[in-house]
Amino acid sequence: MSDLKNVQPLADFNWDEFENGSNANVSKEELEKAYDETLNKVSEHQVVDGTVISIDKKEVVVNIGYKSDGIIPASEFRYNPDLKVGDTVEVYVENQEDKKGQLLLSHKKARLSKSWERVNAALANEEVIQGYIKCRTKGGMIVDVFGIEAFLPGSQIDVHPIRDYDVFVGKTMEFKVVKINQEFRNVVVSHKALIEAELEAQKREIISKLEKGQILEGTVKNITSYGVFVDLGGVDGLIHITDLSWGRVSDPHEVVALDQKINVVILDFDNEKKRIALGLKQLTPHPWDALDPNLKVGDHVKGKVVVIADYGAFVEIAPGVEGLIHVSEMSWSQHLRSAQEFMHVGDEVEAVILTLDREERKMSLGIKQLKEDPWETIEVKYPIGSKHTAKVRNFTNFGIFVELEEGVDGLIHISDLSWTKKVKHPSEFTQVGADIDVVVLEIDKENRRLSLGHKQLEENPWDTYETIYTTGSIHNGKITEIMDKGAVIALNEGGEGFATPKHLVKEDGSQAQLGEELPFKVIEFVKETKRIILSHSRTFEDAKEEPKKAPRNKKVKKEETPTINNVAAGTTLGDIDALAELKAKMEKGE
């Protein structure tokens, strides 16, 4: 209370103005004008600086020195997670006063208005800028840079291949602008470019210390179809698929896994191109060196088919130790076949060692040797004269190749197909793949070929024909084929004959036609060449000639012969009449 006693009133305080209002003599308009002059003059659609006065999850409040503060969505500042109260930010005045009397500002539009200038300056000055990764897109990410949607290629996110792009969405990272397309206003940024310079120096240092044969530890960084990339601590090396294992590798994933730590040996490197060739299999001894020293030609081995081609199959009998089974060693058959007919990749097979070269690390194998060669005892199973059923393999103009069993082939000559039918081509007689009955005619063991016959399974009908188709005999037949040189006639008793055009003339002078059935006279029969020459015209021409020849050979019966008195002295009229009658009878063939 003592302090209050010492307080003295102001000597120049105007109590009248206080009682009547401090600005009693000043108009309201003048007061508003004076108030407005103390505030910044703000025009709509312009960019001004503002000060952040508060921040929450939804909005940022910015003071631009106007009578009210502006509110901006917090999402417009995603690219700058370090934003704090007191920071100066650019804002775009959209509306001085909306329906609620609120000042409307936009930070995004303020950035956009100057974004192209900033982006181009960042490219020219190799400036490090911040950007907000908005979302994924094909081949990379979309990044908000100064309000512009820039493209970040997947290969430019990091020096290591990225397996999960989604972990980067929503992050703010530093970037360098690497490319701008002014015409389409496309911007490409890179994060990888920021660390490459440092990595290059690291690589040079690492490569300078490398030596061939050196063993290093690395981490599997990427696996491709052709090999594995290994991070050696700032520099990458490649293990080619052929250097992963001594055995064949179809997929590198069978040998290594991503992020696996492995020891590798340096096979080669290139200082200029900074390429490093690595090996994994070289850390273990070659399997050929560990192969059983007692293994020899003739031994049986088991393995898995790893590669197959038309000419043969490679069988892995131990990891990295392979032998070739040539297709010719798969079957005793001499037919040219493909190895795929006998086995497939992945098959477990047993084989016999045919050759073994440890120095060249080569081995040849066979599987037909597991079976007995059928030609060793061919005379026992297929003696001459024995009958069998064979499979038609293929045709030639001169015969049919058949297979009696795997490895046993034979030839049926075209002349041994039929006793009677003239076969022009074997395809007229049978077809490939069909069964055919055969009889063994000859054995050629040296050339592994049998001479076979089909017609020999039946009796030779020409033995019978010889007794039927005697020269001069007449038989009915049907014309089955007409050619320039004549016609083929199928005889009713069996077999075929041939008649030339002049022997096809009928009694009325016309020519015999295809399909006609007529009598034919045998004018020639040759058993050796199986030839029957026929004539239709002879059947009626010879009949006319017969009466003229018959009286000379015909004996006149006593009762038919007139009695002629052998009287030299004279001949009666009756005698003359008897002779004339006899002559007439002879001419008529009576």
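The values are calculated or read from the model by the stated rules, or taken from the named source; none is laboratory data. A quick note: this is a predicted structure, and the numbers were derived from the prediction, not measured. Heads up, the Cβs are rebuilt from the backbone with ideal geometry, glycines too, and the neighbour counts pull from every protein chain shown. Accessible surface is based on the protein model in full, side chains and every heavy atom, while ligands, DNA and RNA are left aside. Shrake-Rupley method; radii C 1.70, N 1.55, O 1.52, S 1.80 Å.
Ignoring ligands, DNA and RNA, please state the percent of accessible area on region 423-498 from carbon and sulfur, probe 1.4 Å. The partial results should precede the final answer.
Numbers: 1900 of 4300 Å².
Result for region 423-498: 44 percent of the exposed heavy-atom area is carbon or sulfur.
Once fully extended, how much extra length lies between SER418 and LEU514, figured as 0.36 nm per residue of separation less the alpha-carbon to alpha-carbon distance? Spell out each step's value before the answer.
Working: separation 96, 0.36 × 96 = 34.56 nm, distance 2.40 nm.
Here the answer is 32.2 nm.
A simple spin-label model places the labels of GLU117 and GLN46 1.5 nm from each other, with each point 7 Å out along Cα-to-Cβ. The modelled label-to-label distance for the pair ASN447/ALA197, using points 7 Å beyond Cα in the direction of Cβ, is 8.4 nm.
Lys/Arg Cβ at +1, Asp/Glu Cβ at -1, dipole of region 319-403 taken about the Cα centre: which of PRO374, VAL392, GLY323 is farthest positive-ward? The residue sitting most towards the positive pole is VAL392.
Show me the trypsin sites (Lys or Arg not before Pro) within region 469-509 that DSSP assigns to loop and that have at most 13 other Cβ atoms within 10 Å of their Cβ.
Sparse-neighbourhood loop trypsin sites (Lys or Arg not before Pro): LYS485.
Just to verify a number: FRET efficiency for ALA257 and ASN186, C-beta to C-beta distance, R0 = 25 Å, to 0.05? In this case the efficiency is close to 0.05. The simple spin-label model puts a point 7 Å past each Cα toward its Cβ; for GLU481 and SER427 those points are separated by 1.6 nm.
Please sort by residue number the trypsin sites (Lys or Arg not before Pro) in region 185-270 whose DSSP state is loop and whose Cβ has at most 10 other Cβ atoms within 10 Å. For trypsin sites (Lys or Arg not before Pro) across region 185-270 that sit outside H, G, I, E and B with at most 10 neighbouring Cβ atoms in 10 Å, the list reads LYS209, LYS212. Our estimate of slack between GLU406 and ASP87, defined as 0.36 nm per intervening residue step minus the Cα-Cα distance, is 105.5 nm.
What percentage of the solvent-accessible surface of region 147-214, computed with a 1.4 Å probe over protein heavy atoms, is contributed by carbon and sulfur atoms?
Solvent-exposed carbon and sulfur of region 147-214 make up 46 percent of the total.
Accessible area of region 267-379 with a 1.4 Å probe: how many percent of it is carbon plus sulfur?
Numbers: 3210 of 6430 Å².
Percent of accessible area from carbon and sulfur atoms in region 267-379: 50.
Summary of packing: across the peptides 515-523, 299-307, the per-residue average of other C-beta atoms within 10 Å ranks them, highest first, as 515-523, 299-307. Multiplying the residue separation of VAL128 and THR242 by 0.36 nm and subtracting their alpha-carbon distance yields 36.8 nm. Based on the Cβ-Cβ distance of ASN294 and GLU348, what FRET efficiency does E = 1/(1 + (r/R0)^6) give at R0 = 30 Å, to the nearest 0.05? After rounding, the FRET efficiency stands at 0.85.
Ordering TYR469, TYR92, TYR226 by accessible area with a probe of 1.4 Å, largest first, what comes out?
Details: TYR469 0, TYR92 50, TYR226 110 Å².
The ranking, largest first, comes out as TYR226, TYR92, TYR469.
Please work out the average accessible area per residue across region 256-323, using the 1.4 Å probe convention, and give it in Å².
Counting only protein heavy atoms, the per-residue value for region 256-323 is 55 Å².
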